[in-house]
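First the structure, in the form of structure tokens, and then the observations on it.
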Number of protein chains: 2
Amino acid sequence: MIKLVIDMMGSDKGSSSTIEGVKSFLKTHDDVTLICVGRQNELSSLSQLNNVQIVNADDVLPMAAHPLDALRAKNSSMMVAIQEVLDNDADGIVSSGGTGAFLTASSVKLKKIEGVLRPALISPFPTKIKGKKVCMLDIGASNENSPEELVQFAHMGRLYAINVMGIKDPKTFILSNGTEEEKGSPSGKEAFKLLKAENFPSFCGNIEGREVLSGEADVVVSDGFSGNICLKTTEGIASMFSFFIKNAFKKNIFSKIGYLLSKKGFKEISQTMDYKSTGGAILLGVNKIVVKAHGNSDGFAFMSAINVAYAQAKIDVISLIKDGLKKDSNK
Amino acid sequence: MIKLVIDMMGSDKGSSSTIEGVKSFLKTHDDVTLICVGRQNELSSLSQLNNVQIVNADDVLPMAAHPLDALRAKNSSMMVAIQEVLDNDADGIVSSGGTGAFLTASSVKLKKIEGVLRPALISPFPTKIKGKKVCMLDIGASNENSPEELVQFAHMGRLYAINVMGIKDPKTFILSNGTEEEKGSPSGKEAFKLLKAENFPSFCGNIEGREVLSGEADVVVSDGFSGNICLKTTEGIASMFSFFIKNAFKKNIFSKIGYLLSKKGFKEISQTMDYKSTGGAILLGVNKIVVKAHGNSDGFAFMSAINVAYAQAKIDVISLIKDGLKKDSNK
């Protein structure tokens, strides 16, 4: 039986969206126990459900809480939830709480996998090619990374793409400011040399921001700062275009009819670009499955995040990564 | 009389687009001399035009040429053009040749303005607010930048926004992975402190990639590597959306009619997002106006790039920046 701990209080939208997410998730899954952590009185509607255990936590960590404050806030739903993972030897945890606090607290308490230099936040992005996703890591767990950390991100990203995304021989690139070998951040350039020297499988060199979503790459390796810039710029431009498209159709009566005639294609665009269906980002390199849901997740987005954690528990992704890293380092 | 030197051979598309650009530009400007550098036999159609001087250069620098190779390629149109700026004491230069080569060669030969630590590439971006642009610098002249360089980018960006964009009191932000003061790259965090300490006018703190184009910021300061990631990601997502929108309208006969009914609004979107009308990026901090046109500029885009150089020569932007930096450092 898979066991997942859910921080019910982290969302911007309060517990209503997380409760909705849990309920929807359990409609289609019965081989899992969800340990739901939060204010007991708010969670009472979950108490009659099978496969749910409610654990009380009185406090809610503010979204902008500093990682160190998080570690001290032992009664917060996030910290109680992380402790529950350890006490119950659960498979993983899902939270939509503040990124910095959640990632730091999970890394510290759940511990890194042996040999991992730094955990990395990974997330699938939609691409120009229908149905195809690209994984980028790190998108924000770190602020700066050494060449050796970037090399390890390549290894973890490859293992993730093979085992979770089902890609046989993923093409791996480094996020850079040019495609030539001598381009890149100082640590990116060094990582390029190291990956080339070890004959990293299907290492394809540098990729520019412009091509990340072209569909060519399966894994894009980046330091946490630049990866975060790339992720958030993508979100920003996507939201700007949605805004422009809405306005274009609202222009006059003709354009409104135009929308009715062509909305099918436009719904496909918004489905493709909707982060809600991707569920959240995963912190790779710790001993448990750690899924960070978007801070403003609605019920559907939060359900997707639980789904992501569940799917990874199902294939025991942690063992696959542990074994893979061991094999890689024995080469 | 304004004097601009034009590298006629740098474009991916060969001299046909640069010739078209020069011709269109001269249709509406007669207070300027253009010194057009390239293969004389290809440029013969310009010889009958007033205000054009043709200077022969036999070689063309490959797009991917290394900056050091560029400096050695003395007979290339780019290097001859840079030399012509010096020999004629021209106001500036426009080229669509390789970015690294052009920026390095211009900085080295035309020299930095006294007191400038590093030149920065600046470009206006469209925003969510109609007609409003935001300037970001550096978008790729450097690979990494010290906190002091970032502080100077803020000063140059502000002077540019005031004098070229006509913004009275520009709001300046630092590109970061979070809005809180403690977020940012190591040099970004330090620059934040320095700008705060000097009470930099209308310094508004950190901005995330998601908000760069929201219309709130007038100037966004970034190290060259992250700025380049942000710029190219923006280009990539914009091109992906154009592709999606075209496909959505092509779906069936109804969506095609839908396009006819709503195309006005969609044309506005593509005009807003079209880099061709912004003309190119400007290298700030050298003694002459240096405009880098897009490598695949067509005639219209190249004309816009000449326009950018012309408009800056008209207000003598170099003197304004020199004086502004002097005043700032005397404070």
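The values are calculated or read from the model by the stated rules, or taken from the named source; none is laboratory data. Remember, it's a predicted structure, so these values are computed and weren't measured experimentally. No Cβ is skipped: glycine too gets one built from the backbone with ideal geometry, and neighbour counts run over all protein chains shown. What goes into the accessible areas is simple: the full protein's heavy atoms, side chains included, and nothing from ligands, DNA or RNA. Shrake-Rupley method; radii C 1.70, N 1.55, O 1.52, S 1.80 Å.
Screening A:S255 against (1) away from chain B (no Cβ under 14 Å); (2) buried (at least 16 other Cβ atoms within 10 Å of the Cβ) leaves a single unmet condition, (1).
Entry remark, the range B:211-230: residues being within 18 Å of A:E235 (Cβ to Cβ) and out of contact with any Leu (no Cβ under 9 Å at 6 or more places or on another chain) number 6 in total. Looking across the range A:86-130 at every residue that is within 14 Å of chain B (Cβ to nearest Cβ) and more than 18 Å from the chain's Cα centre (by Cα), the one that is farthest from A:E144 (Cα to Cα) is identified as A:K130. Look at (1) away from chain B (no Cβ under 14 Å); (2) surrounded by fewer than 24 Cβ atoms within 10 Å (Cβ to Cβ) and you find that A:A293 fails only one, number (2).
Scanning the range A:55-70 for residues that are among the small types (G, A, S) and open to solvent by 10 Å² or more (accessible area, probe 1.4 Å) gives A:A64, A:A65. The set of residues in the range A:39-53 that are of a type outside the set (S, T, Y) and at negative phi comprises A:R39, A:Q40, A:N41, A:E42, A:L43, A:L46, A:Q48, A:L49, A:N50, A:V52, A:Q53.
When you scan the range A:212-233, do you find a residue that is on the phi > 0 side of the Ramachandran plot and touching a residue at least 60 places away in the same chain (Cβ under 8 Å), even just one? Looking through the range A:212-233, at least one residue is on the phi > 0 side of the Ramachandran plot and touching a residue at least 60 places away in the same chain (Cβ under 8 Å). When you check B:M156 against the structure, is it within 17 Å of B:F203 (Cβ to Cβ), within 14 Å of chain A (Cβ to nearest Cβ), in contact with a helix residue (DSSP H, G or I) (Cβ under 9 Å, 6 or more places away or on another chain) and open to solvent by less than 10 Å² (accessible area, probe 1.4 Å), yes or no? The answer is no for B:M156. Among the residues of the range B:308-327, the one identified as in contact with a strand residue (DSSP E or B) (Cβ under 9 Å, 6 or more places away or on another chain) and either assigned to a loop (DSSP other than H, G, I, E, B) or open to solvent by 50 Å² or more (accessible area, probe 1.4 Å) (or both) is B:K314.
In the set (1) under 24 Å from B:K23 (Cβ atoms); (2) assigned to a helix (DSSP H, G or I); (3) not small (G, A, S), B:V290 fails one condition alone, (2).
Can you tell me which condition B:S146 does not meet? The list is (1) touching a strand residue (DSSP E or B) at 6+ places or on another chain (Cβ under 7 Å); (2) away from chain A (no Cβ under 12 Å); (3) among the hydroxyl-bearing types (S, T, Y); (4) open to solvent by 10 Å² or more (accessible area, probe 1.4 Å), and all the others hold. Looking at each condition in turn, B:S146 falls short on (1). Of (1) aromatic (F, W, Y); (2) outside any helix (DSSP H, G or I); (3) more than 16 Å from B:T233 (Cα to Cα), A:Y160 satisfies all except one. Which? Among (1) aromatic (F, W, Y); (2) outside any helix (DSSP H, G or I); (3) more than 16 Å from B:T233 (Cα to Cα), the lone unmet condition for A:Y160 is (2).
Evaluate the following for B:S45: is it more than 20 Å from B:G280 (Cα to Cα) and open to solvent by 30 Å² or more (accessible area, probe 1.4 Å)? So B:S45 fits the description; yes. The selection criterion, being within 14 Å of another protein chain (Cβ to nearest Cβ), closer than 21 Å to B:G215 by Cα and not in a strand (DSSP E or B), holds for B:I139.
Every condition in (1) farther than 17 Å from B:L103 by Cβ; (2) open to solvent by 60 Å² or more (accessible area, probe 1.4 Å); (3) over 22 Å from the mean Cα position of the chain (by Cα); (4) not hydrophobic (A, V, I, L, M, F, W, C) holds for B:D31 except the one numbered (2). The set of residues from the range B:184-214 being facing chain A (nearest Cβ under 8 Å) and either open to solvent by 40 Å² or more (accessible area, probe 1.4 Å) or assigned to a strand (DSSP E or B) (or both) comprises B:P186, B:E208, B:R210, B:E211.
Restricting the range B:13-23 to residues that are over 20 Å from the mean Cα position of the chain (by Cα) and among the polar types (S, T, N, Q) leaves a set whose member that is most open to solvent (accessible area, probe 1.4 Å) is B:S16. Looking across the range A:77-115, the residues that are open to solvent by less than 20 Å² (accessible area, probe 1.4 Å) and farther than 14 Å from A:V5 by Cα come down to A:G98, A:A101, A:L103, A:A105, A:I113. For the range B:229-248, the criterion of being within 7 Å of another protein chain (Cβ to nearest Cβ) and of a type in the set (S, T, Y) is satisfied by at least one residue. Within the range B:284-305, take every residue that is hydrophobic (A, V, I, L, M, F, W, C) and within 11 Å of the chain's Cα centre (by Cα) and give me the one that is nearest to B:Q152 (Cα to Cα). So the residue we want is B:L284. In this structure, is B:A73 surrounded by fewer than 16 Cβ atoms within 10 Å (Cβ to Cβ), under 30 Å from A:E181 (Cβ atoms) and either small (G, A, S) or within 22 Å of the chain's Cα centre (by Cα) (or both)? The answer is no for B:A73. Residue check: A:I245 meets all listed conditions (1) in contact with a Phe, Trp or Tyr (Cβ under 7 Å, 6 or more places away or on another chain); (2) more than 23 Å from B:G215 (Cβ to Cβ) but one, namely (2). What is the residue count in the range A:165-183 for residues that are in a loop (DSSP other than H, G, I, E, B) and either within 14 Å of another protein chain (Cβ to nearest Cβ) or surrounded by 18 or more Cβ atoms within 10 Å (Cβ to Cβ) (or both)? Qualifying residue count, the range A:165-183: 10.
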